[in-house]
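The values are calculated or read from the model by the stated rules, or taken from the named source; none is laboratory data. Please read all numbers here as calculations on a predicted model, not as lab measurements. No Cβ is skipped: glycine too gets one built from the backbone with ideal geometry, and neighbour counts run over all protein chains shown. The area values use the complete protein model at the heavy-atom level, side chains included, leaving out ligands, DNA and RNA. Shrake-Rupley method; radii C 1.70, N 1.55, O 1.52, S 1.80 Å.
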Amino acid sequence: MKNDALSVTIQKVFAKGFTFLFLAISATILLSTLGTAVGQLLHGEDITQIVIKIVNAGVIAMAVFELAMVISKEYGEEEGHDVIVMLRRTLPRFIGTVCVALSLEGLIMVIKYSQLELAGNLHYPVAIIVSAALLLTALGAFLRLAPNRGMEVPLQIHETASVSSQKGRTSAVPAVAARCC
C-alpha cells in the first residue's frame, strides 16, 4: 500500500511538472510569435506572410497546450484508471488537434508555394495533408476496434419533458429532444 501511494504521488508530481513545462512552452511560442509579428509589421513586411506565420505558430502552441491539458487531466487527477478508457478519452482530442495543425500547415504551404510560383514543390504539402488524413483514419480505426469499457452514456429516450409551444400549449417530448435546443 505504501508503494502504491508513493507511486501515485510521484506520478502526480511529474504530471504537474510536465503540465507546467508544456504550458510554459505554449505561452512562450505565443508571446514570441506576437513579438516577432509586431517587429515584422513595424519593418513593413507583407501582412499576408505575417498572418501565415502567426497562424502556423498558433496552431503549434495550441497542440502543445492540448498536450499539457491531457497530461494534467489523465495523470495529475485520477489515481487508478484503465489504459483503454484513458486512450479513448484523450486520443481523439489530441489527434484531432494534430490533424488540424497538419491540415493548416499543408494549406499554408500550398498558399505560400502558389505565391512564390513553386508549383514543383507541391508534393510536400500534399504529403502533409495525406498524412493528416491517414492519422485521422487510424484514429477512427482505433476507436472502432478498441473496447468500449467505461465509455457508455445511456440515453434515456423514454423520459419526457414538458415543453411550451408558441401558442401557449404544453406537450410532452422526449427529454433528449428537450435538452438539445
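Points worth noting:
- In the set Lys2, Lys12, only one residue is more than 30 Å from Lys53 (Cα to Cα), at pLDDT below 90 and surrounded by 13 or more Cβ atoms within 10 Å (Cβ to Cβ); that residue is Lys12.
- Gly44 vs. criteria modelled with pLDDT of 85 or more and assigned to a helix (DSSP H, G or I): no
- Of all residues making up segment 73-88, the number that are open to solvent by 80 Å² or more (accessible area, probe 1.4 Å), assigned to a loop (DSSP other than H, G, I, E, B) and either modelled with pLDDT of 75 or more or out of contact with any helix residue (DSSP H, G or I) (no Cβ under 6 Å at 6 or more places or on another chain) (or both): 1
- Verdict on Met109 being within 28 Å of His123 (Cα to Cα), open to solvent by 80 Å² or more (accessible area, probe 1.4 Å) and in a helix (DSSP H, G or I): no
- Test: residue in segment 65-82 that is under 27 Å from Leu145 (Cα atoms), among the aromatic types (Phe, Trp, Tyr) and without any contact (Cβ under 8 Å) to a residue 40 or more places away in the chain: no
- The set of residues in segment 131-147 that are in contact (Cβ under 8 Å) with a residue 60 or more places away in the chain and loosely packed, with under 13 Cβ neighbours inside 10 Å contains only Pro147.
- Taking every residue in segment 95-106 that is closer than 10 Å to Ile60 by Cα and pairing it with any residue that is outside any helix (DSSP H, G or I), at least 6 positions away or on another chain, yields no pair with a Cβ-Cβ distance below 6 Å.
- Filtered by the rule that a residue be open to solvent by 60 Å² or more (accessible area, probe 1.4 Å) and of a type in the set (A, V, I, L, M, F, W, C), segment 24-33 gives Ile25, Leu30, Leu31.
- Flag for Ala63 being exposed (fewer than 12 other Cβ atoms within 10 Å of the Cβ) and assigned to a helix (DSSP H, G or I): no
- For segment 112-130, a residue qualifies if it is within 27 Å of Leu67 (Cβ to Cβ) and without any contact (Cβ under 8 Å) to a residue 60 or more places away in the chain, and the qualifying residues are Tyr124, Pro125, Val126, Ala127, Ile128, Ile129, Val130.
- Checking Thr137 against (1) more than 25 Å from Val85 (Cα to Cα); (2) at pLDDT 85 or above, the condition it does not meet: (1)
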